[in-house]
Amino acid sequence: MSETLTLPVLPLDDEVVLPGMVVPLETSQTEVGAAIDAARMPSRQVPGMRSEIKARVLLVPRLADRGLAGVGTLAVVEQVGRLPGGQPGAVVRGTSRVKIGSGTTGPGAALWVEGTVVEETGAGPRADELAGQYKSLITSMLQQRGAWQVIDAIQQLTDASAIADRAGYSSYLSTTQKLQLLETADLVERLELVVGWAKDQLAELEVAESIRKDVSEGMEKQQKEFLLRQQLSAVRKELNELTGGDKGTEEDDYRARVEAANLPEKVHEAAMREVDKLERTSDQSPEVGWIRTWLDTILDIPWNGRTEDAYDIAGARRILDEDHTGLDDVKDRIIEYLAVRKRRSDRGLGVIGGRRSGAVLALVGPPGVGKTSLGESVARAMDRKFVRVALGGVRDEAEIRGHRRTYVGALPGRIVRAIREAGTMNPVVLLDEVDKIGSDFRGDPAAALLEVLDPAQNHTFRDHYLEVDLDLSDVVFLATANVLDSIPGPLIDRMELVQLDGYTEDEKVAIGRDHLLLRQLSKAGLNAEEVTLTDDALRLIAAEYTREAGVRSLERAIARVLRKVTAKEALGEGALPITVSAVNLKDYLGRPRFTPETKLTSSDRRTAVPGVATGLAVTGAGGDVLYIEASLADAETGETGLTLTGQLGDVMKESVRIALSYLRSHGAELGLPVGDLKDRGVHVHVPAGAVPKDGPSAGVTMTTALASLLSGRAVRSDVAMTGEVSLTGRVLPIGGVKQKLLAAHRAGITTVLIPQRNEPDLDDVPAEVLEKLDVHVMSDVRDVLELALEPAQIPQAAGVAA
């Protein structure tokens with residue numbers, strides 16, 4: 001049964017006293033004094049009890065935002081007297097929790113209330129375990145403060161409730177937390193609260209102690225470093241006085257280096273400002289390292305260093321021809337550039353408007369055609385330094401323009417680093433894989449290249465790290481790319497495009513014989529007298545073992561042949577010298593991977609059945625042959641409509657619909673049974689379904705495949721075609737004619753149909769390819785069908801004798 005008491009209220013502003021706590025109170029305050037006086041009046045003593053019983057009061061927290069709490073602490077007045085400061089006061093000790101009831105009357109000016117003593121619950125093994133944890137946590141915190149007397153007092157406590165209520169003395173607990181402890185009667189719940197809060201506080205103390213130690217160690221290190229530097233400076237001063245030398249500090253060394261560097265005027269002024277700042281800055285400042293790094297970078301750049309161009313035009317052409325077979329377009333452009341430079345030099349024409357006569361070329365073509373190696377050849381032909389800047393995968397604009405000096409570890413961009421690496425202001429800089437540049441939240445590197453590659457702006461290129469103008473107008477920039485689609489239009493507009501569409505079969509044989517074979521012989525430890533690879537073998541490798549625009553696979557095949565030769569000789573299965581020809585090539589490379597359609601039997605060819613036509617396409621790896629297949633659903637299935645498969649893009653899907661619409665509207669004229677289409681579904685498929693495809697150039701191929709399907713006439717296996725088709729049957733121009741014709745030649749096609757308006761593009765096709773191809777220019781799709789479809793089979797008259 002809970003005890004009910006009538007007690008005077010002593011309100012405590014923003015303070016909580018828990019049972020077991022002993023606290024002093026200043027009684028000069030009206031409410032405190034009134035409560036103490038009321039508690040000590042004789043009339044409040046219980047009849048029959050001895051008068052020595054101590055006066056009791058009810059300590060109730062009063063919060064600013066909540067008023068008087070609903071639970072208080074029953075306290076006895078232990079002593080009344082003077083506090084250490086001389087003020088009147090009293091010492092009270094909390095004994096138990098009391099739930100406050102209704103108000104009542106009593107003597108004196110104090111507020112009297114009725115209260116019920118709160119019975120504590122939860123005592124048991126769990127409470128004892130939590131009490132032990134809390135004692136350990138409190139001991140750890142007190143050890144950090146060195147409060148050993150308090151630790152002894154805590155260790156002597158055995159009652160779990162008293163241990164929990166000792167949290168009232170904790171300065172790290174807020175008034176709200178302490179009030180929560182006062183209102184919690186369950187011992188286990190109260191101990192869980194104080195254990196959790198103690199763990200949080202201990203973690204904060206450990207972090208603070210770690211920070212304090214780090215700061216202390218850092219300060220001691222700085223003081224030690226300062227003293228050592230002062231001693232070193234004094235020693236140097238004494239040595240200079242003894243030897244009669246000058247001060248010779250590092251700052252003076254930088255000043256002398258800047259003065260002797262013959263820098264441009266603006267750069268010299270910026271460098272001297274940094275030297276002045278370096279002299280005023282303390283050695284302990286981190287800015288000293290930044291300034292020195294910046295000055296070292298400025299002094300490493302060859303501001304006035306230039307190499308003299310080789311004006312032997314015939315010699316430059318000879319070097320280009322020795323290094324690369326074919327690629328006449330880019331060779332002609334380099335020779336034109338050198339010829340103009342020579343003419344300007346002969347006539348004494350220097351810099352115009354601060355701009356020199358650099359060049360910006362973009363070499364665009366499939367992989368393996370020699371774009372990257374061509375840069376080194378150009379530099380050798382011009383007698384210039386060569387630097388390669390790999391841009392594949394670059395996503396940060398600062399990689400091009402540099403980081404601002406405010407960032408820790410800032411560096412100049414790749415362009416400045418390339419100039420510094422070359423050691424001259426007019427190198428050949430190869431910007432490799434410019435189409436592989438990405439962009440994200442850090443910026444767009446392609447946008448930063450706009451200034452670098454603009455001949456009208458790059459004479460005042462400003463790197464974020466240098467913050468001074470850098471003249472790039474005398475640099476020859478060669479950018480390489482596989483495709484133009486991923487390069488922004490403004491960047492393409494600043495470069496002169498040179499298309500490298502791939503090599504012919506004859507060029508591949510020449511490259512393999514004159515370049516690749518010699519290189520792979522050296523890598524295999526062989527020489528030309530020991531292994532001979534005939535031209536027929538090289539031609540067979542290029543035609544049937546590899547099918548590519550470049551020569552990388554060709555080189556790998558040659559390397560494989562030489563490895564096989566070396567292995568057989570080591571195993572005693574063959575003796576050197578060895579001749580590899582088309583006859584025994586299969587022994588080294590196995591069976592051919594690619595067989596031209598012209599070498600297949602009629603029944604094995606893909607166009608042997610109606611509804612299959614051969615088209616031509618351009619991919620990132622060069623030109624390629626594309627097959628279009630069409631089929632009709634059986635009328636009994638009830639399937640209608642158009643089905644398209646093969647990962648076709650929107651433009652390609654529209655080409656199929658245009659082709660079908662044209663055939664439906666001109667079926668009678670072409671002799672095609674288009675009336676059945678309303679009851680039968682049409683399915684058009686482009687093989688290699690895992691590869692996305694798009695573009696309008698397959699329009700005539702799709703029209704031919706559908707016409708072949710409807711007429712039952714197969715498409716000629718030696719014919720390939722390309723061109724966009726309109727609803728009126730016109731054959732419209734397309735791009736990539738040269739690459740498509742090279743692909744047709746590689747695939748063994750002998751007849752190619754192209755739009756009439758693409759006839760001028762035939763001038764770019766190598767003559768040896770045109771000699772082997774029968775190229776027809778078409779303006780109407782009727783002419784395409786007439787030439788591409790096999791003749792109609794004329795049935796024999798009935799009754800003719802065998």
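The values are calculated or read from the model by the stated rules, or taken from the named source; none is laboratory data. What you are looking at is a predicted structure, and each value in this text was computed from that prediction instead of being measured. Positions of Cβ are backbone-derived with ideal geometry, glycine not excepted, and every protein chain shown enters the neighbour counts. Just so you know, the surface numbers come from the protein's heavy atoms only, side chains and all, with ligands and any DNA or RNA stripped out. Shrake-Rupley method; radii C 1.70, N 1.55, O 1.52, S 1.80 Å.
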For the chain, diffusion coefficient by Stokes-Einstein and Kirkwood Rh (Cα), 20 °C, 1.002 mPa s, µm²/s: 58
Rounded tilt (10° steps) of 313-323 against the dominant C-alpha axis of the chain: 80
Over segment 495-650 - Rg/Rh using Cα atoms and the Kirkwood inverse-distance radius: 1.14
Fully extended contour minus Cα-Cα distance, from Ala153 to Thr750, at 0.36 nm per residue: 204.4 nm
Met272 versus Ala510: modelled label distance in nm, points set 7 Å from Cα along the beta carbon direction: 5.9
Asp300/Asp774 FRET efficiency (R0 41 Å; Cβ-Cβ; nearest 0.05): 0.10
Cβ-Cβ FRET estimate between Glu238 and Glu279, R0 fixed at 25 Å, reported to 0.05: 0.70
Whole-angstrom gap from segment 683-704 to segment 491-520, using each part's C-alpha centre: 29
Fully extended contour minus Cα-Cα distance, from Asp485 to Phe441, at 0.36 nm per residue: 13.7 nm
Cα shape, segment 289-401, gyration tensor, a/c 1.5 rule: oblate
With Cα atoms, 0 to 90° folded angle of helix 30-40 axis to the chain main axis: 50
Calculated FRET value between Glu265 and Asp764, using beta carbons and R₀ = 41 Å, to 0.05: 0.25
Angle between the chain longest axis and helix 187-243 axis [Cα atoms, degrees, rounded to 10]: 70
Interchain or long-range residues, amide H under 5 Å from Ala362's placed H: Ala479, Glu496, Leu497, Val498
Projected label distance in nm at Leu227 and Ala310, using a 7 Å step from Cα toward the beta-carbon: 6.5
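Using the heavy atoms of the protein chains alone and a 1.4 angstrom probe, what is the accessible area of the chain per residue in square angstrom?
Numbers: 40320 Å² over 802 residues.
For the chain, the solvent-accessible area averages 50 Å² per residue.
Keeping the other protein chains in place, figure out the carbon and sulfur percent of the accessible area of the chain, with a 1.4 Å probe.
50
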Distance (nanometres) between label positions extended 7 Å along Cα→Cβ at Asp321 and Asp253: 5.4
Reach of Lys224 by Cα under 18 Å, taken over lysines that are not fewer than 8 positions away in the same chain: Lys213
